[in-house]
Amino acid sequence: MPVTILLGTQWGDEGKGKATDWLADSADIIARYNGGDNAGHTLNVEGVTYKLHFLPSGVVRPGLVSLMGGGMAIHPQRLLAEMQTVSDQGLEISPERLKLATNAHLITPAHQALEAAQETVRGAGKIGTTGRGIGPAYTSKIARDGIRAASMGNPEAFADEVHRAVEVANTILTGAYGAQPLDADAIAAEYADYARQLQPFLVEGWAFLRDALAQGKQVLAEGGQATLLDIDHGTYPFVTSSNPTAGGALTGLGIGPGAVERVVGVAKAFTSRVGAGPFPTELDNEFGAMLRGDGSQPWDEYGTTTRRPRRCGWLDLVLMRYAVAVNGLTELALSKLDVLSQFEQIEVAVAYEIDGQRLDDFPVDQSAFARALPIYETLPGWDADIMGVTHWEDLPAAARGYVEWIETQVGIPVTLVGVGPGREQTLLRV
Ligand code: GDP
Ligand code: IMO
Ligand code: MG
C-alpha cells in the first residue's frame, strides 16, 4: 500500500513543507492534492531556502517527480513565475519532473477581483483570505462554470473560454458589486500565451498515478492548508474552499482509499492561525508574542504568502483529537518543539468549557466554538536550547515528556520531531 498522505492538523503553517521534504526520502512521486498559492511552504535544504506555493515540495529533491493534482486551483501566470524562481535557485523544472493534472481548475484575474469585492462586502465579517482568488475559483468549479487545465491543450479555444469566463464575471463585478470590469481581450491573449508554456506539463493525473502505483512506486500526497481550514470539516465560514483533510487526497488525485498506508498529520508544538475566526487558545499577550517571534528569525510566525503576523497560542488537544478522527491519522509529525524552549511552563488545552459545561470534543457548531474557553494542563519547560540536538534520546527529559504526553492524549505516535527549520533538524522516533 504505497501512498502516504501528509496534511496539516491545525490552521496551516504547521511545517508541512519541511515534513514533506523529510518523508520524500522514501518517495518516488510527490503529489499536491488541494489548494493553490494560498499555501506557503518553506523548505531549508543545505543552506538554501525555498518558498513554494503551487509546487509540490518534491521539486527540491532531484530525481523525484512532482504532480500538481486535479484538486488544485492554479493561476497560470503565478505558477510560471514560481517555476522561474525555483529554476533560478538551481532546481530542475521540466515536464519529466513536474506534471499538472488536466482536471485541476484555473484561477483568472476575475476570480481575484470577485474575491476582493466579496471581502469588502463582508466588512467586519470578512474571512481575511489570502486574496489569491482561491474561493471564487472553487466556486466556479462547483458551479460547473470553471476552466480546467485540460483546456490549455488547445490555446486558441482556451482563449475563447477565458474570454467568455471573464465577460461573465464582469457582469457580476459591475452589476452586483459596482466594481470596474476587467479587459477580457487582454486577459484571453495573456492566458493563451500561458497555455502554450504550460501545455507540455499536462498529464492525465489519475492514469499517471495508476501506472506509477502498478510499478510499485511510492507516492507522498501533500496537502495544502489544514484540517481546520477544510471547507467541510473546518471552522466554517473561516476556512478555505478546498478539502485539505485526508479525503481530499483521494478526490484531489484520483486514487482509492485502499492504496493509502499512512496518514501523517503535521502539528506545531503550539498553535497559529492567520486570518479571522475563533481560536480558543489564542494568547493576546506577551506569551503570544514570544511564540510569534519578532520577525528576526526566518521561522518566526509571519505568513509565507502574505507576511501577515500569525495569531499564536498554546497547543489545543481538543483540535488534535478531532484531526486524528476526521483524517484517520496514523501518526503525528510535531514541529517547532524548539520554540517552546523559552518557556518555564507550557500550557496545553485538554478540553473546553462552554456556557459552564465541560466539553471534550470539538463542537462543529461555530457559535459554540466561538464561546469555548480552554481548560489547560500545565507541563514543565526544559530551559535549554535544543536546536542542535540530533537524537531523540539527547533531548531534555521534560521535552521528551511533553511529546510523550501528547502521544498518550491523542492516541497515536509522534514519529518525527522538529527542533529547527533545517532538513537535518528532525528527530526520528521510529
Ligand atoms: P507549512 O505551510 O505547513 O509548510 O509551514 P510554513 O512553511 O508556512 O511555516 C513553517 C515555518 O516554520 C517555516 O519557516 C519553516 O522553515 C519553519 N519550521 C518548520 N519546522 C520547524 C521546526 O521544527 N523548528 C523551527 N524553528 N522552525 C521550523
Ligand atoms: P499553508 O499550506 C495558513 C487561510 C487564510 C484565511 C482562510 C481563507 O501554508 O498551511 P483563502 O485565501 O484560502 O480563501 O483564505 O484560510 N489560509 C491559510 N492559513 N496557511 C495556509 O496555507 C493557508 N491557506 C489559506 O489566511 O484565513
Ligand atoms: Mg504555510
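Laboratory data are not the source of any read-out in this text; all were calculated from the coordinates shown. Remember, it's a predicted structure, so these values are computed and weren't measured experimentally. Cβ coordinates were reconstructed from backbone atoms using ideal geometry, including for glycine residues, and neighbour counts include every protein chain displayed.
Note down, for the range 105-198, the three equivalent ellipsoid semi-axes (square root of 5 times each alpha carbon gyration tensor eigenvalue), biggest first, whole angstrom.
Numbers: eigenvalues 117, 39, 23 Å².
For the range 105-198, the semi-axes come out at 24, 14, 11 Å.
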Net dipole in debye of the range 105-198 [+1 Lys, Arg Cβ; -1 Asp, Glu Cβ; about Cα centre; nearest 20]:
480 debye
Where the centre of each part is set by its Cα atoms, how far does the range 185-246 sit from the range 254-271, in angstrom?
16 Å
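What are the trypsin sites (Lys or Arg not before Pro) within the range 202-269 that DSSP puts in a loop, where the Cβ has at most 15 other Cβ atoms within 10 Å?
On the way: sites: ARG210, LYS217, ARG262, LYS268; in loops: LYS217.
Counting only loop positions with at most 15 other Cβ atoms within 10 Å, the trypsin sites (Lys or Arg not before Pro) in the range 202-269 are LYS217.
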Label-point separation in nm, ALA398 to ASP385, each point 7 Å along Cα→Cβ:
1.8 nm
Which distance in nm do the two modelled labels at ASP25 and THR139 give, with both placed 7 Å along the Cα-to-Cβ direction?
4.5 nm
Amide N of the range 297-318 lying under 13 Å from the label point, which is placed 7 angstrom from the Cα of ARG371 along Cα→Cβ:
none
Charges at C-beta only: +1 for Lys and Arg, -1 for Asp and Glu. How large is the resulting dipole of the chain about its Cα centre, in Debye rounded to 20?
680 debye
For the chain, diffusion coefficient by Stokes-Einstein and Kirkwood Rh (Cα), 25 °C, 0.890 mPa s, µm²/s:
111 µm²/s
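Given the convex hull over the Cα atoms of the range 253-368, what projected area results after averaging over all orientations, in nm²? If you can, show how the numbers build up before the last one.
Values: hull surface 38.6 nm².
If I average the Cα hull's projected area over directions, I get 9.7 nm².
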How much FRET efficiency would the formula 1/(1 + (r/R0)^6) give for ARG308 and THR171, where r is the Cβ-Cβ distance and R0 is 30 Å, rounded to 0.05?
0.40
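Taking R0 as 30 Å, what FRET efficiency do you get between GLU344 and ASP284 from their Cβ-Cβ distance, rounded to the nearest 0.05?
Details: r = 20 Å, r/R0 = 0.67.
E between GLU344 and ASP284, to the nearest 0.05, is 0.90.
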